[in-house]
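Below is one structure, written out as structure tokens, with a few remarks after it.
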Amino acid sequence: EAEVAQSPRYKITEKSQAVAFWCDPISGHATLYWYRQILGQGPELLVQFQDESVVDDSQLPKDRFSAERLKGVDSTLKIQPAELGDSAMYLCASSLNPPTGKHTEAFFGQGTRLTVV
Amino acid sequence: DAKTTQPTSMDCAEGRAANLPCNHSTISGNEYVYWYRQIHSQGPQYIIHGLKNNETNEMASLIITEDRKSSTLILPHATLRDTAVYYCIVRGKGSARQLTFGSGTQLTVLP
């Protein structure tokens with residue numbers, strides 16, 4: 001069964017360092033999402049891509065976070081510099097483009113657990 | 001997208017039906033109700049969605065009230081592996097509409 005792949009699964013970094021996460025969506029999925037999930041809370045959308053274009057990055061802290069999906073396939077989320085408050089699970093999800101009026105489900109990866117020390 | 005309200009936690013005996021409620025009193029006519037669940041340390045998993053008719057699949061049933069202001073997710077025979085956080089989400093049409101998660105309900109299935 002096709003899955004959304006994320007790496008690494010776990011990352012420990014010191015504050016002020018740079019860190020990057022990688023996501024490979026399910027083949028053929030044009031829509032890709034990055035979510036952040038703080039312990040005990042639901043996931044919060046950071047950025048949404050349609051192919052290589054950003055559809056919504058209104059919740060992305062752009063002073064330190066960046067995301068790209070250059071070829072419209074895999075994607076990278078970067079934090080520079082990392083802060084203690086960035087400790088969280090970073091989840092990637094992908095979905096097909098639904099036909100007009102139809103819905104498709106989003107498939108999530110296992111996430112990357114980031115700890116900033 | 002409309003906001004949802006769910007209980008923080010619920011328990012259910014193994015083998016019994018688990019009924020998870022969700023209030024979405026501000027839902028609009030073209031918004032769907034989605035349910036996802038998240039098992040500890042995993043990504044969320046799609047369960048089911050519906051507009052106004054009751055829906056059933058291999059995982060669960062979704063009952064939506066006639067006024068669409070609330071819904072109930074039913075797991076007919078809960079197992080220990082159903083222990084998870086269950087999220088009720090209201091989502092509009094169109095591929096650009098994201099999933100906006102609340103805090104969900106922690107369901108614990110007891111042996």
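Every number here is computed from the coordinates shown, using simple stated rules; none is lab data. All values reported here derive from a predicted model rather than from experimental measurement. Every residue, glycine as well, gets a Cβ built from its backbone with ideal geometry; the counts of neighbours run over all protein chains shown.
Structure above, values below:
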read-out: Percentage relative contact order, chain A, counting C-alpha pairs under 8 Å, at least six apart; value: 36 percent
read-out: Contour excess over end-to-end distance, with Cα ends at residue B:5 and residue B:26 and 0.36 nm allotted per residue; value: 6.5 nm
read-out: Proxy reagent accessibility, fewest Cβ within 10 Å first, across A:117, B:33, B:85; value: A:117, B:85, B:33
read-out: Rough spin-label spacing in nm, given labels placed 7 Å along Cα→Cβ, for residue A:12 and residue B:39; value: 2.7 nm
read-out: Alpha-carbon centroid distance for the pair segment B:10-69 / segment A:1-57, whole angstrom; value: 25 Å
read-out: Exercise: per-residue mean of other protein chain Cβ atoms within 10 Å, A:43-54; value: 2
